[in-house]
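Peer 1: Please read through the structure below; I'll follow up with questions.
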Amino acid sequence: MSWWRRAKLFIGTGLGALLSTGAGAETLTLYWNAGHAYQAYAEVIERFEADHPGWEVRWERFQWPDMRTKLIADLAAKNPPDLVAEPGGWVQEFGQQGLLLPLNDFVAKDGEAMGFPEDWQVRAVERNMLDDQYFGVQIHLTCGTLVYNVDMLKEAGFDAPPATWEEFREVAIATTGGGRFGFAPNPSIGYYWSWFLQNGVTYYDPETNTVNLDSPEAIEAIQFLADLIQKDKAATTPVAGSDYEGPQKLFTANRAAMIITGPWDVKPIRTGNPDLNWAVAPSLNHKEQATFAGGVSLMIPRDAEHPDQAWELLKRLVALETEIAVTKEAGMTMPRKSWVENAEVQADPVIGSFGKCLPYAHDVAAELRLTGKHARIDKLLRSVIEEIIYNQVPAAEAMPRFAKEANAILASN
Amino acid sequence: MAADGSMGAAASTGIGSGARSFFRTRRLSRRVQQTLIAYSLLSPAIIYFTVYFFYPIGLEFWASLFSGQPLIGESRFAGFDNYVTALQDARVRQSVFATLTYAIGVTAASIAIGLGLALLLNQRLPGRTAIRAVIFFPYIISFVIVALIWQAILDPYTGILNGVLANFGMPTQNWLNDSSAALPVIIAITVWKDVGYAMLIYLAALQSIPSDFYEAAAIDGAGPAQQFRYVTWPLLTPTTLFIAVVSMIGQLQEIAPAYLITNGGPADATRLFSLHVFEAAFFELNIGYASALSFLMFLLILGITFVQFRLLNRDVSY
């Protein structure tokens, strides 16, 4: 055989193999948060692929901001993924734009068997609905609360965690010193809400279409935190930037006595410093005991190529056994009522403590999101809080200015 | 050579016999033939620029005339409202000011330090090749890595720099949390990253200046400072123009340092214009407004580049 014929045979065989492989494979694209890529989910995906021969799940992992950028570009190009995890708020935001597939037909078919929506906490269902239509299914339901270093508190003479703002300030001041801080606040805007909520502040009043953050309670809440940093020197200045892991790293390194965080930091703390003696406390009580709620939902874009298969995978990802496996692996809290009642969950002191905060956790921006202006107003709020925390502008001056700007945005078309 | 001039042009550009017969039979004028040939040769570039430059620019301008989410969702025609809103927005003005400060700061410092390093490393120094490589190395690193490195160095509580200061008994600094320090800090980080590029271009330019000029200047009694002032610097004008234009265009569009290191903070001190546009588009889902902002930035860059050419573009020959 001449070299030319051999070359043609080789190229032909290669192209044939390539074409036959491509023709047989179907790909289901799943966008996921990089921090939530737990082994339990990897196993669910493996089982899905085994049960659906010829299907491959392309599991793409991103940080939330990067995922949002990619997703919007995909939506503009009408080439979205089949199934997307979102950090809260996107379901209603994209649903309002007609970019998501309503899930009512799927729920009518499979809801009873999978326990949806009856087995989900009511607000975990409501936050993913628009006009009686389901656009998402909650997969994680979380909240932030006080996490403390038991040994540092004991060294300072405290046998129990603080329960009120006054006690919190006292503990923070007492545990500060020698390169260690009483409290390490998080720069991410959502974390500031524990202070506002504990002082009875809500973000938005739908009846008047105004934000409420110029109230004396809102001003008092943010000034309390600013004073703790600037006057008492009992808290670190949060590091400006997009990294929200700084406080967790200081806590894990035994350099912060208290932080506010959620179950997403359980695994990093446990693996980062297995010897750390730490515990989860109930949220503080000033005017009321409250904290912010968070969580992740799954949604299917309207232009998804494989919505039926996406729903099949979604059902497996939100199954109770998957929830329990993820809780055991990473300490994540979940939206199912049956998860809360599970004996293993209740027996875990850390997870159980986070679970106890869920009843008084608030979805802060639930009503503001429906205006479609939440992101713009949140950006303004972040900017003004940074003025108070970093530039030492009095909250009494900055918060009314914010409210005026935010209300002008809300009043505009 | 063909008797007919137009045929000669066609033949010389590789046009085949089919085209030649086409021209013969249609008897097109020489001017039309040349135009057709020119456009046929230019067509790949025209198609490329149309698809990848002019169409997106046109699409962006079209989107800027709508409020809401043109291109992905619901929108309505708003005329030039987005432009009016942008020009009245104090945050836009603040981000333009921060961006101009950043771009001018980075460009000026890169030129000054890059030229100084090039002059130094153009001398016969031991290990100069290795030193050049070390200085150039940050330029080829992704800004994501640069951001991680400098965040680790500048963290006020766990950072290396404050650790060093504390060891020497000096006060520690809130490098990235201080509104007055954050922008100079990210300018410095960008200069650290980019100065190797300016140095390399200046080195190439310095090595292309004939040594006769320096010998003549020395004979006339010029010292090193006068040689730099009257020989080196004038002959480096085209290089300086190139670095200034390329750097300004790049830095005016820069988003990475603000996004990765400070996220625009503290209190908007490092909110560069591109970050403002990015957030308007991808976080606020305000696509029409973001398109108007982008178009305004396009006009600003065009204007600044024009001014740079007017100020620095001088013919230099040697």
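The values are calculated or read from the model by the stated rules, or taken from the named source; none is laboratory data. What you are looking at is a predicted structure, and each value in this text was computed from that prediction instead of being measured. Cβ sites come from the backbone with ideal geometry, for glycine too, and all protein chains shown count toward neighbours.
Peer 1: Is it true that some residue in region B:233-249 is surrounded by fewer than 21 Cβ atoms within 10 Å (Cβ to Cβ) and outside any helix (DSSP H, G or I)?
Peer 2: So far as region B:233-249 goes, no, none of its residues is surrounded by fewer than 21 Cβ atoms within 10 Å (Cβ to Cβ) and outside any helix (DSSP H, G or I).
Peer 1: Please count how many residues of region A:369-398 are closer than 14 Å to A:Leu225 by Cα, crowded, with 18+ Cβ neighbours inside 10 Å and of a type outside the set (Val, Ile, Thr).
Peer 2: Matching residues across region A:369-398 total 4.
Peer 1: Inside region A:207-315, counting only strands (runs of 3 or more DSSP E) that do not spill past its ends, which hold 1 or more residues that are surrounded by 17 or more Cβ atoms within 10 Å (Cβ to Cβ) and touching a His at 6+ places or on another chain (Cβ under 6 Å)? Break it down stepwise before answering.
Peer 2: Working: elements: A:256-261, A:278-280, A:291-299.
In region A:207-315, the matching strands (runs of 3 or more DSSP E) lie at A:291-299.
Peer 1: Now, a different point. Can you tell me which residue within region A:316-336, out of those that are of a type in the set (A, V, I, L, M, F, W, C) and outside any loop (DSSP other than H, G, I, E, B), is surrounded by the fewest Cβ atoms within 10 Å (Cβ to Cβ)?
Peer 2: Applying the first criterion (of a type in the set (A, V, I, L, M, F, W, C)) to region A:316-336 yields A:317-320, A:324-326, A:330, A:332, A:334.
This time we only want the ones that are outside any loop (DSSP other than H, G, I, E, B), so: A:317, A:320, A:324-326, A:330.
Numbers: A:Leu317: 21, A:Leu320: 15, A:Ile324: 18, A:Ala325: 17, A:Val326: 23, A:Ala330: 21.
Per the criteria, the residue is A:Leu320.
Peer 1: Another question about this same structure. For region A:372-390, indicate whether the set of residues that are touching a residue at least 24 places away in the same chain (Cβ under 8 Å), part of a helix (DSSP H, G or I) and more than 14 Å from chain B (Cβ to nearest Cβ) is non-empty.
Peer 2: Looking through region A:372-390, none of the residues is touching a residue at least 24 places away in the same chain (Cβ under 8 Å), part of a helix (DSSP H, G or I) and more than 14 Å from chain B (Cβ to nearest Cβ).
Peer 1: Every residue in region A:79-113 that is more than 9 Å from every other protein chain (Cβ to nearest Cβ) and at positive phi, please.
Peer 2: Answer for region A:79-113, where residues must be more than 9 Å from every other protein chain (Cβ to nearest Cβ) and at positive phi: A:Gly88, A:Gly89.
Peer 1: Right, something else. Just to be sure I understand, how many residues within region A:396-413 are more than 27 Å from the chain's Cα centre (by Cα) and either under 20 Å from A:Trp90 (Cα atoms) or more than 10 Å from chain B (Cβ to nearest Cβ) (or both)?
Peer 2: Count: 7.
Peer 1: Looking at the structure I just gave you, is A:Asn199 surrounded by fewer than 22 Cβ atoms within 10 Å (Cβ to Cβ) and in contact with a helix residue (DSSP H, G or I) (Cβ under 7 Å, 6 or more places away or on another chain)? Talk me through it step by step, then tell me what you get.
Peer 2: Numbers: surrounded by fewer than 22 Cβ atoms within 10 Å (Cβ to Cβ): yes; in contact with a helix residue (DSSP H, G or I) (Cβ under 7 Å, 6 or more places away or on another chain): yes.
Criteria met by A:Asn199.
Peer 1: Just to verify a result, which residue in region A:190-228, among those that are within 14 Å of chain B (Cβ to nearest Cβ) and modelled with pLDDT of 95 or more, is farthest from A:Ile385 (Cα to Cα)?
Peer 2: Only one residue fits best here, namely A:Ala226.
Peer 1: Another question, then. Could you list, in sequence order, all residues of region B:27-71 that are surrounded by fewer than 11 Cβ atoms within 10 Å (Cβ to Cβ) and among the basic types (Lys, Arg)?
Peer 2: Listed by number, the residues that qualify are B:Arg27, B:Arg31.
Peer 1: Let me spell it out: the conditions are (1) touching an Asp or Glu at 6+ places or on another chain (Cβ under 8 Å); (2) within 13 Å of another protein chain (Cβ to nearest Cβ); (3) over 21 Å from A:Arg255 (Cα atoms), and B:Asn162 meets all of them except one. Which number is the exception?
Peer 2: The failed condition is (3).
Peer 1: What tally of residues in region B:145-174 results from selecting those that are of a type in the set (Phe, Trp, Tyr) and closer than 20 Å to A:Ala235 by Cβ? Quick ask: steps written out before the conclusion?
Peer 2: Narrowing region B:145-174 to residues of a type in the set (Phe, Trp, Tyr): B:150, B:157, B:168.
From what is left, the residues that are closer than 20 Å to A:Ala235 by Cβ are B:157.
Result for region B:145-174: 1.
Peer 1: Only residues in region A:392-413 that are on the phi > 0 side of the Ramachandran plot count as the first member; pair them with residues that are surrounded by fewer than 19 Cβ atoms within 10 Å (Cβ to Cβ), Cβ under 7 angstrom, at least 6 apart or cross-chain, and list the lot.
Peer 2: If the second residue must be surrounded by fewer than 19 Cβ atoms within 10 Å (Cβ to Cβ), the pairs left are A:Gln392/A:Gln230.
Peer 1: Can you give me the number of residues within region A:166-186 that are farther than 14 Å from A:Gln230 by Cβ and in a helix (DSSP H, G or I)?
Peer 2: So the answer is 7.
Peer 1: Consider only pairs whose beta carbons are under 6 Å apart and that are at least six residues apart or on different chains; among these, list those whose first residue lies in region A:189-214 and is under 14 Å from A:Leu380 (Cβ atoms) and whose second residue is of a type in the set (Lys, Arg) and in a helix (DSSP H, G or I).
Peer 2: A:Ile189/A:Arg382
Peer 1: So, one more: Here are some residues: A:Leu146, A:Leu83, A:Leu103. Which one is buried (at least 23 other Cβ atoms within 10 Å of the Cβ), touching a residue at least 60 places away in the same chain (Cβ under 8 Å) and over 22 Å from A:Ala293 (Cβ atoms)?
Peer 2: A:Leu83
Peer 1: Kindly indicate whether B:Pro126 is in contact (Cβ under 8 Å) with a residue 24 or more places away in the chain, farther than 23 Å from B:Ala109 by Cβ and more than 14 Å from chain A (Cβ to nearest Cβ). Write out each step before concluding.
Peer 2: On the way: in contact (Cβ under 8 Å) with a residue 24 or more places away in the chain: no; farther than 23 Å from B:Ala109 by Cβ: yes; more than 14 Å from chain A (Cβ to nearest Cβ): yes.
Against the criterion (in contact (Cβ under 8 Å) with a residue 24 or more places away in the chain, farther than 23 Å from B:Ala109 by Cβ and more than 14 Å from chain A (Cβ to nearest Cβ)), B:Pro126 does not qualify.
Peer 1: Which residues, taken from region A:267-298, are touching a Ser or Thr at 6+ places or on another chain (Cβ under 7 Å), touching a residue at least 60 places away in the same chain (Cβ under 8 Å) and among the polar types (S, T, N, Q)?
Peer 2: A:Ser283, A:Asn285, A:Gln289, A:Thr291
Peer 1: Let me ask something else about it. In region B:239-288, how many are out of contact with any Gly (no Cβ under 9 Å at 6 or more places or on another chain) and more than 14 Å from chain A (Cβ to nearest Cβ)?
Peer 2: 15
Peer 1: So which of B:Leu71, B:Leu100, B:Leu115 ends up being at pLDDT 95 or above and either touching a helix residue (DSSP H, G or I) at 6+ places or on another chain (Cβ under 6 Å) or among the small types (Gly, Ala, Ser) (or both)? Give the steps one after another, and end with the answer.
Peer 2: On the way: B:Leu71 fails: at pLDDT 95 or above; B:Leu100 fails: either touching a helix residue (DSSP H, G or I) at 6+ places or on another chain (Cβ under 6 Å) or among the small types (Gly, Ala, Ser) (or both).
The match here is B:Leu115.
Peer 1: Would region B:161-181 turn up any residue that is of a type in the set (Ser, Thr, Tyr), assigned by TED's automatic domain parsing to the domain that holds B:Thr99, in a helix (DSSP H, G or I) and surrounded by 21 or more Cβ atoms within 10 Å (Cβ to Cβ)?
Peer 2: Looking only at region B:161-181, we keep the residues that are of a type in the set (Ser, Thr, Tyr), and these are B:172, B:179-180.
This time we only want the ones that are assigned by TED's automatic domain parsing to the domain that holds B:Thr99, so: B:172, B:179-180.
With the extra rule that they be in a helix (DSSP H, G or I), the set shrinks to B:179-180.
Narrowing the set further to residues that are surrounded by 21 or more Cβ atoms within 10 Å (Cβ to Cβ) leaves none.
No - not one qualifying residue is present in region B:161-181.
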